[in-house]
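The values are calculated or read from the model by the stated rules, or taken from the named source; none is laboratory data. Predicted model, so just to flag it, every value in this text is computed and none were measured. Cβ sites come from the backbone with ideal geometry, for glycine too, and all protein chains shown count toward neighbours. Only protein heavy atoms, including side chains, enter the accessible area calculation; ligands, DNA and RNA are left aside. Shrake-Rupley method; radii C 1.70, N 1.55, O 1.52, S 1.80 Å.
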Amino acid sequence: MIFTPFKINGKEFKNRLIMSALNTGFVIDNEFSDKVSEFYKKRAKGGAAAITTICAVNKEGSFNNMPFNGEGFDVFCNKMSNMLKEYECKHIVQLFHYGSGSTFQGEKREEFIPKNMSVEDIKHIVESFKKAAEISVENGADALEIEAGKGFLLSEFISPITNDRDDQYGDSFDNRVNIVFNVMKSVREAVGAEIPVILSVSGAQMTEGGYTVSDMVKLCEKAEKEGLINAVKVSGGWYNSKVPCETYFVPFETIGAISDSIKRNLNIPVITEGRLNSVTMGEKMIENTMTDFLAIGKSFLADYDIAIKILEKKTYNVCQGCNKCIESIMRGEELYCSYNPEAGFEYIENTHRRIATAKKIVVVGGGPAGMMAAKKSAERGYKTILITNESRLGGQLNMAGLPPKKDDIFKFIENLENDLKALDVNIVYDTFADFEKIKSYEPYFVVLAMGSVPVVPDVFKDKKYILAKDVFFGSNKVIENIKRGKTVIIGGGSLGLELAEFINDKCCICDENIDVLSKYTDIPLSDMYKKPDITIIEKLPILGFELNSTRETVINGLLNNDVKMFTDTEVIEVKENSIVLSNDKEIEYDNIIIATGSEPVSSTIAEELMNERISYSIIGDSDYVRDAEKALKDGFELFLRMFIA
Ligand SMILES: Cc1cc2nc3c(=O)[nH]c(=O)nc-3n(C[C@H](O)[C@H](O)[C@H](O)COP(=O)(O)O)c2cc1C
Ligand code: SF4
């Protein structure tokens, strides 16, 4: 059903996949640059029925280099509409105002107390929405979307948390949505009845004391009845909700259920947006009349061909919900995708045409850096050989996919492996690549991506410990020991925290099973809820510092499972059954797990290649240790810079 056309206000969309509004951070002064054009062209070519681009209704309402209604916007919008038309892709312009966050971004935003707008300010903003609507339609927009959710300006009025006014725009719900109705009326007045107008709402604020699904039903029902809108787009909570809506913690099903509750009360089409990483689920929702369209943001970043690949039933690159793209935008940087380093660089890719050459490139290492380098090498046309000493590809990603809810990482590995096979990369498994082996392929260039090995702090040398990877990949016996005894994890970075999540997941019986077991067996409830005894020791003042926006949720999950955590703490002495900490505490243990970090694999290959005058590059953890996403970027960037005659 995803590929059956559907209409909004009489305008036909060729399928049900709409690309959501994404601020890219690279539209500078409304310029329709090659970078912008290629970014959107790829996604239009990739099969989207419509692409949503942004128009901040004035400069103040924009943030981080987004298009805004000011000098040059008419040309920008016109060029975008015309380009999208070439691919039968409709152009939806989102009318946007960032609200209080436009002045203060990042960490400062938490401390910032916005001032109340005057009634004159509000009238001015409503007028700005109207003008932005007019100019967008004059310049080819097929439809308009009024952004009234996610924590941006209009939703800040709707929320009782952020709106403390006591005039006609505050206090009661009817007053708080006044500005939204004023905007919808002025937009409709400006563009007439023919143009589809979509109202974009967060189905619920998903924050205690915030607005609810019933509130949004009321708003949408009234707007529909008054003929102000032709469709509603429903997403999850705000971008700063306590529930991190954009991440892997909130599945599409959750947002689907919210949007279904709203759709039941409406007669106009509904578009569901947020975390669509399973097409099967999206398809089912359309079939079951729970939604009419699927709006996809991040998955279009992770794979610009996603729509075509779904149509052709091919594997596609799944968005991992890691939130790194949003974090980069919020920091005021350009958008990037951890799992698709090509996003934003499509324009450069176009200038790196495939060349006809018999030159061979040998990539040593089948982890993220090696796989990405091999893909890019083969795409350029080099005969590419990838040698790995393991029986499967993926390297450290195979470990990253094991903690709860992170199994989409295995789809990423599978997809990348399929790409390599389709590009005829010769993958040599289970083979140790020493210098002689590499030389036997007569390489023109060698990429060393051999990864890293765990580092064990000196105080644990000659003591009994387990490495984190041996718990992840270990036998049931390892987990059994952990279940029974007291476990101390040394290292509270992302590895240590995710290891604790993994252990908890292995040790606890899920709630549905508890229902059945307590009804039909005599297993005591205390046994079913028996949580493993875990303590995490971190020497830095912060836990999981690399996790950023998912950090709080991970830590709260561990606290709920009674995991004890110490920061700013080092291990001073390891005794037979206890460890002494720098905070003067002594804690007992049965198992010690080392999750402290890694160092590059040591190897003489580089030196040997140099002696034989064979060119090489060292990338990923082999160069210096970093996370998997940076390793992928390394593999990608190497071939951005590579010109071999
Ligand atoms: C990098 C990035 C930039 C975004 N910028 C905007 C924006 O300017 N306006 C907006 O309404 N939503 C914005 N969003 C939110 C998306 O439109 C979408 O609602 C959200 O990503 C959830 O959908 P998804 O999981 O399919 O990406 C942005 C999201 C990302 C990842
Ligand atoms: S950076 Fe992460 S969340 Fe963003 S699109 Fe890429 S995989 Fe998805």
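Structure notes:
- With all protein chains kept in place, the per residue accessible area of the range 456-596 amounts to 56 square angstrom at a probe of 1.4 angstrom.
- For the pair Lys564 and Asp462, a Förster radius of 22 Å applied to the C-beta separation gives a FRET efficiency near 0.25, rounded to the nearest 0.05.
- Over the chain: helical MRE at 222 nm, DSSP H runs n ≥ 4 each giving -39500 (n - 2.57), nearest 500: -10500 deg cm²/dmol
- Computed over the range 6-348, relative contact order equals 18 percent, with contacts defined as Cα pairs under 8 Å that lie 6+ residues apart.
- The GluC sites (Glu not before Pro) of the range 1-86 that DSSP puts in a loop, and whose beta carbon has at most 12 other beta carbons within 10 Å, are Glu71, Glu86.
- Subset of Lys539/Lys585; Lys359/Lys411; Lys14/Lys45; Lys11/Lys123; Lys359/Lys633 violating a 20 Å alpha-carbon distance limit: Lys359/Lys411; Lys11/Lys123; Lys359/Lys633
- Taking the average, over residues, of other Cβ atoms within 10 Å as the packing measure, peptides 546-556, 609-619, 487-497 rank 487-497, 546-556, 609-619 from highest down.
- Per residue accessible area of the range 6-348, 1.4 Å probe, in Å²: 37
- For the chain, size of Cβ-based charge dipole, Lys and Arg +1, Asp and Glu -1, in debye: 1480
- Ratio of Rg to Rh over the range 278-324 (Cα coordinates, Kirkwood Rh, two decimals): 0.98
- Treating each Cα of the range 275-406 as one equal point scatterer and applying the Debye formula with no solvent, the log10 of I(q)/I(0) at q = 0.09, 0.13 Å⁻¹ comes out as -0.36, -0.74.
- Apportionment of accessible area to carbon and sulfur, the chain, percent (1.4 Å): 48
- Simple spin-label estimate for Asn288 and Phe6 gives 1.5 nm between the two label positions (7 Å along the Cα-to-Cβ direction from each Cα).
- Rounded to the nearest 5, the antiparallel percentage of DSSP beta bridges internal to the chain is 15%.
- Between amide H atoms placed 1.01 Å from N, distances below 5 Å from Ile296 occur with Ile18, Met19, Ser20, all of them 5 or more places distant or on a separate chain.
- Here the calculated FRET efficiency for Glu552 and Ile28, from their Cβ-Cβ distance with R0 = 45 Å, stands at 0.85, rounded to the nearest 0.05.
- Relative intensity, log₁₀ I(q)/I(0), of the range 456-596 from a Debye sum that treats every alpha carbon as a point, q = 0.12, 0.17 Å⁻¹: -0.50, -0.93
- Under the combined filter of DSSP loop state and at most 15 neighbouring Cβ atoms within 10 Å, the range 183-223 retains these GluC sites (Glu not before Pro): Glu194, Glu208.
- Across all Cα atoms of the range 6-348, the radius of gyration (one decimal) and Dmax (whole number) stand at 18.3, 55 Å.
- Looking at the range 456-596 alone, DSSP beta bridges between its own residues are antiparallel in about 30 percent of cases.
- Crossing angle, helix 252-263 versus the chain [Cα axis fit, 0-90 degrees, rounded to tens]: 10
- Of the GluC sites (Glu not before Pro) found in the range 262-317, those in coil by DSSP whose Cβ has at most 13 other Cβ atoms within 10 Å are Glu312.
- Hydrodynamic radius (Kirkwood) for the chain, which is based on Cα pairs only, to one decimal in Å: 26.9
- Put simply, the amide H of Ser452, placed in the peptide plane, has neighbours under 5 Å in Val601, leaving out anything fewer than 5 places away on its chain.
- Hypothetical label at Asp470: residues of the range 555-591 whose amide nitrogen lies under 13 Å (7 Å Cα-Cβ projection): 591
- Couplings 3J(HN,Hα) for the range 473-489, derived from phi with the Karplus relation 6.51 cos²θ - 1.76 cosθ + 1.60 (θ = phi - 60°), are 9, x, 7, 4, 4, 4, 5, 4, 5, 5, 4, 8, x, 9, 10, 10, 9 Hz, where x marks Gly and Pro.
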